[in-house]
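The next block holds one structure in the form of structure tokens; read it before the comments.
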Amino acid sequence: MKFAIVLFALFALAVAAPPSQEAQILRSDSDVGPESFQYGFETSDGVKADAQGQLNNIGSDHESLAVRGSFSFVADDGQTYTVNYVADENGFQPQGAHLPVAPEA
């Protein structure tokens, strides 16, 4: 659960900008259960996010949360930036056209 909180905090930092006017919520949905969740939202200022998470290895010493999702926002330069990510036992793995790619070993 701590991992999900950190992930959402990173998302909030990525889209934080002083708005010229308050954004309106265009879409907001969520389904949260004891072993999985999904959510999505979209606002009038171009912010959009969707994610799905699943608890793996339930009840074992190796219980973990795996999350797949994406978020996008309109930056000050007018461009829409999108990040697709996986966050699981291997860490946070973002991908986006504007993000650098690590060289292969």
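No lab work stands behind these numbers, since they all come straight from the coordinates. All values reported here derive from a predicted model rather than from experimental measurement. For neighbour counting, all protein chains shown are included, and Cβ atoms are generated from backbone atoms with ideal geometry for every residue, glycine included.
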Query raised in the report: For the pair Glu89 and Ser28, how long in nm is the line joining their label points, each one 7 Å along Cα→Cβ?
Result: 3.5
Query - Total formal charge among the other residues, if their Cβ is under 14 angstrom from that of Leu26, Lys/Arg +1 and Asp/Glu -1 - result: -3
